[in-house]
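Engineer: To start, I am sharing the structure in question, which I have written as structure tokens.
The values are calculated or read from the model by the stated rules, or taken from the named source; none is laboratory data. For clarity, every value in this text was computed on a predicted model and none was experimentally measured. When we count neighbours, we look across all protein chains shown, and the Cβ atoms used for this are built from the backbone with ideal geometry, even at glycine. We work out accessible area using only protein heavy atoms, side chains counted, and drop any ligands, DNA or RNA first. Shrake-Rupley method; radii C 1.70, N 1.55, O 1.52, S 1.80 Å.
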Amino acid sequence: MSHALRIGIAGLGTVGASLVALLQQRKNELAVTCGRPIEIVAVSARNRNRDRGVDLSALDWYENPVELAEKAEIDVFVELMGGATGSADESVRAALSRGIHVVTANKALLARCGVELATMAEEKGALLNYEAAVAGGIPVIKALRESLTGNNVRRVYGIMNGTCNYILTRMEKEGLSFADCLKEAQRLGYAEADPAFDIEGNDTAHKLAILTTLAFGTRIAPDDIYLEGITNISIEDIRAAADLGYRIKLLGVAQVTETGIEQRVHPTMVPRDSVIAQVDGVTNAVAIESDILGELLMVGPGAGGNATASAVLGDIADIAKSRPGAQTVPVLGRPAATLEPYRRAQIQSHEGGYFIRLTVEDRAGVFAGIATHMAANGISLESIVQRPQSGREASSQTIILVTHATREDALRSAVAAISADGYLVGNAQVIRIERTKAD
Ligand code: HSE
């Protein structure tokens with residue numbers, strides 16, 4: 001059997017502690033599968049005294065993760081600290097510059113600096129694996145980076161934030177408030193250190209930026225993503241969606257259009273009967289539509305210690321199985337220097353169906369006014385539902401419109417004209433509808 005693969009782990013939070021436990025418990029099986037033992041030799045974390053439920057006594061402890069990356073006698077540096085800057089960034093660069101392989105779950109870092117890090121890895125002959133960065137335990141990086149080579153991908157979309165999906169599911173099924181559901185997600189270890197990254201959609205955006213590069217061979221463009229989180233979604237929207245045969249999910253979508261690539265993250269209505277609509281709780285799902293294979297849909301655990309640690313473990317095992325000098329998979333699916341510039345399609349040119357929920361004063365001519373603005377902007381309506389409000393708001397009505405496919409700029413122009421008429425109570429709620437199968 002070859003010599004042991006020595007690893008150093010920086011970050012011993014939920015995922016790091018799960019990884020250490022798995023590597024210790026499955027030591028013997030992994031040695032057989034990989035053809036050599038995998039041995040943790042060094043670790044680094046903020047608090048040395050915290051009980052993590054694993055034995056760290058035989059390991060070298062580094063106060064500073066960058067020092068671990070620079071000095072420890074290791075073959076693989078595992079970065080599980082998170083964050084696009086600071087220690088995570090510095091330590092990954094330090095490891096790569098020594099030619100040490102890196103495994104990371106850090107989507108923010110990859111979204112910001114992925115091309116630069118891939119270039120460093122390629123120059124140094126190091127591997128940079130990041131399966132855990134997108135959709136937790138689902139092997140979507142491997143699918144796009146390796147298995148679908150030769151396919152032209154047209155669209156990739158999915159539920160990529162367990163916290164948001166957990167919140168939306170609990171709100172729908174149990175009628176709980178947004179705040180209570182978020183607290184529960186944090187308690188279960190799904191949410192980011194700052195949960196705003198989850199609920200405002202930034203976490204999904206980072207993941208989408210990585211998938212876009214792998215899917216379309218373009219440079220990573222995290223700042224060219226249209227972004228809307230779920231904080232504005234109310235129980236009323238969820239109920240209205242259900243009445244119309246839809247469910248609301250936070251989707252990340254990247255697709256090729258005539259004007260460029262659309263990258264968008266927003267609450268989305270998906271048909272209740274679609275497979276993706278059934279994906280509940282912390283589960284993630286990623287769909288990839290490509291010309292040779294057709295539609296591939298992968299569903300699985302998207303957040304939490306073991307789900308993420310499973311992907312990290314797979315990445316480490318891939319390195320353990322690799323042999324020096326053997327052909328390796330390019331970090332971003334193709335050599336970094338060959339990535340094409342990213343050409344952004346603006347959200348205004350997005351075409352699709354829309355759900356619009358309007359609370360309006362209950363008086364003559366309102367309905368006609370709304371219909372006139374829709375028609376003036378060339379928008380064809382699929383359905384219109386009007387409901388009286390009860391109790392305190394009895395003087396207002398809720399009107400729900402579902403449009404046929406239309407352009408976003410036409411929709412925005414119609415909503416602006418409706419708002420200018422003065423009969424709206426509060427703001428219009430607009431949610432995009434996503435078709436879930438290639439036509
Ligand atoms: N906060 C993330 C989520 C963790 O909720 O999906 C996995 O990236």
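Engineer: May I ask you to give the percent of accessible area on the chain that is carbon plus sulfur, with a probe radius of 1.4 Å?
Structural biologist: 48
Engineer: While we're looking at this one, here's another question. Quick one: dipole size for segment 91-210, taken about the Cα centre, charges +1 on Lys/Arg Cβ and -1 on Asp/Glu Cβ, in debye to the nearest 20.
Structural biologist: 340
Engineer: So what does log10 I(q)/I(0) come out to for segment 349-433 at q = 0.16, 0.22, 0.26 Å⁻¹, using the Debye formula with one equal point on every Cα and no solvent?
Structural biologist: -0.56, -1.03, -1.39
Engineer: Using +1 at the C-beta of Lys and Arg and -1 at the C-beta of Asp and Glu, which of Ala303, Pro222, Leu168 has the Cα lying farthest in the positive direction of the dipole of the chain?
Structural biologist: Farthest towards the positive pole: Ala303.
Engineer: Starting from the Cα-Cα distance between Glu67 and Asn49, subtract it from 0.36 nm times their residue separation and give me the gain in nm to one decimal.
Structural biologist: 4.5 nm
Engineer: Further question: May I ask for the net charge around Asp180, where only other residues with Cβ less than 12 Å from the Cβ of Asp180 are counted and Lys, Arg are +1 while Asp, Glu are -1?
Structural biologist: Taking every Cβ under 12 Å from that of Asp180, the sum is +1.
Engineer: Go ahead and run the numbers for FRET between Ala405 and Ser147, Cβ-Cβ distance against an R0 of 30 Å, rounding to 0.05.
Structural biologist: E between Ala405 and Ser147, to the nearest 0.05, is 0.40.
Engineer: Could I have the simple spin-label model distance between Val385 and Gln278, label points 7 Å from Cα toward Cβ, reported in nm to one decimal?
Structural biologist: Taking the two extended label points, one gets 2.3 nm.
Engineer: Still on this model: Can you pull the one-decimal nm distance between simple spin-label points at Glu340 and Ile292, each 7 Å off the Cα toward Cβ?
Structural biologist: 1.8
Engineer: What nm distance separates the two modelled labels at Asp223 and Asp60, each placed 7 Å from Cα along Cα→Cβ?
Structural biologist: In this crude spin-label approximation the distance works out to 3.9 nm.
Engineer: I would also like to ask the following. Go through Lys27/Lys183; Lys183/Lys321; Lys107/Lys249; Lys142/Lys183 and tell me which ones have a Cα-Cα distance over 30 Å in this structure.
Structural biologist: Among Lys27/Lys183; Lys183/Lys321; Lys107/Lys249; Lys142/Lys183, the Cα-Cα distance tops 30 Å for Lys27/Lys183; Lys183/Lys321; Lys142/Lys183.
Engineer: Calculate, in nm to one decimal, what Arg412 and Asn306 gain on full extension: separation in residues at 0.36 nm each, minus their alpha carbon distance.
Structural biologist: The span from Arg412 to Asn306 would gain 33.8 nm if fully extended.
Engineer: Under 8 Å for C-alpha pairs, at least 6 residues apart: give me the relative contact order for the chain, rounded to a whole percent.
Structural biologist: Worked out over the chain, it gives 16 percent.
Engineer: Working with all protein chains in place, sort Val286, Val32, Val299 by solvent-accessible area computed with a 1.4 Å probe, largest first.
Structural biologist: I get Val32, Val299, Val286, largest accessible area first.
Engineer: To the nearest 0.05, what FRET efficiency results for Thr372 and Val256 with a Förster distance of 45 Å applied to their C-beta separation?
Structural biologist: Step by step, r from the Cβ atoms, then E = 0.80.
Engineer: Viscosity 1.567 mPa s, temperature 4 °C: Stokes-Einstein D of the chain from its Kirkwood Cα radius, in µm² per second?
Structural biologist: 56
Engineer: Residue by residue, what Karplus-based ³J(HN,Hα) values in Hz, rounded to whole numbers, does segment 339-344 have, using 6.51, -1.76 and 1.60 with θ = phi - 60° and x for Gly and Pro?
Structural biologist: Once θ is set to phi - 60°, the couplings for segment 339-344 become 5, 7, x, 7, 10, 7 Hz.
Engineer: Note down the magnitude of the dipole of the chain about its Cα centre, charges +1 on Lys and Arg C-beta and -1 on Asp and Glu C-beta and zero elsewhere, to the nearest 20 debye.
Structural biologist: 480
Engineer: Give me the accessible area per residue for the chain, probe 1.4 Å, as a whole number in Å².
Structural biologist: 42
Engineer: Determine the sum of side-chain charges near Ser2: Lys and Arg each +1, Asp and Glu each -1, restricted to other residues whose C-beta is under 14 angstrom from that of Ser2.
Structural biologist: Net of charged neighbours comes to +2.
Engineer: What does the charge count near Ala69 come to, summing +1 for each Lys or Arg and -1 for each Asp or Glu among other residues with Cβ under 9 Å from its Cβ?
Structural biologist: Charge balance near Ala69 sits at -1.
Engineer: Gain in length, His3 to Arg435, computed as 0.36 nm per residue apart minus the alpha-carbon separation, to one decimal in nm?
Structural biologist: 150.4 nm
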